[in-house]
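Just so you know, all these numbers are worked out from the coordinates, no wet-lab data involved. Quick caveat: nothing in here was measured; it's all calculated off a predicted structure. Cβ placement follows ideal geometry from the backbone for every residue including glycine, while neighbour counts extend to all protein chains displayed.
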Amino acid sequence: MKTFLTLKNEHTRQLPEEFRNEDVRYTEELVEIFLREFTSRGDTIFDPFTGFGTTLLVAEKMERVGYGVEFDEKRWRYVQSILRNPERVLNGDSTKLNSLSIPNFDFSMTSPPYMGKHHKENPFTAYSTEGNGYDAYLETLKSVYRQISEKLKPSGYIVIEVSNLKHEDAPLTALAWDVASAVSEVLHFEGEIIANWINGSSYGYNHSYCLVFRNG
């Protein structure tokens, strides 16, 4: 697989108006690339931070079985409304995956909720409560992926799409590199694939990192 992808930052489905100022989705094309590379028809796919359902929609389109968890109830209801199998996306807390009814799966892909070093809110509660700081965020994310590793089949792979964060009024947060370091403590880090967004991205960069891990 190529380690540098050049893609248009475009979506085939427009979000409802109430969500348009929250649109930080990765594209359907990006998901298609990784599902073709790492999965086959009939495989089970899991997204622990479902968001607006891009991973699950593409999984259904490509005849995979998609499961997901979304904390925010409004987003969860929206995703249910656009899936052929709405019962496969749960409204729940991915920091407590072991308590949720998720089957073992072949592959996982997501973009986790981001946190900068200067942020105060807890990303894992949809930013609705105060968090315990950046280091605690990374520890929690590591715990999520420890639980995911217990559900991931022995030959399975995981992709985490994430950016570093550059803000004009705050220090740079090397989020992508910090996530790679944290998750590599519980899964084997295979390396990164750079997604270059030719018509722009956000967070101060026009590219993001797709971090690839495998079980074992």
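Put in order of Cβ neighbour count within 10 Å, fewest first, the listed residues I102, I194 become I194, I102. Exceedance of the 29 Å cut-off in Cα-Cα distance is limited, within the set K117/K153; K61/K117; K74/K117; K2/K142; K74/K153, to K117/K153; K61/K117; K74/K153.
Among beta bridges from DSSP that stay inside the chain, the antiparallel ones total about 50%.
Ranked by how many other Cβ atoms sit within 10 Å of their own Cβ, fewest first, the residues F34, F4 fall in the order F4, F34.
Computed with the Debye formula from one identical point scatterer per Cα of region 4-214, without solvent, the log10 of I(q)/I(0) at q = 0.13 Å⁻¹ comes to -0.69. From most to least packed by mean Cβ count within 10 Å, the peptides 144-151, 73-80, 48-55 give 48-55, 144-151, 73-80.
Which lysines does K120 reach when only Cα atoms under 18 Å apart count, and residues fewer than 8 places away in its own chain are ignored? Output for K120: K166. Among V65, V179, the ranking by other beta carbons within 10 Å of each residue's beta carbon, starting with the fewest, stands as V65, V179. Dipole size of region 4-214 about its Cα centre, with +1 on Lys/Arg Cβ and -1 on Asp/Glu Cβ: approximately 420 debye, rounded to the nearest 20.
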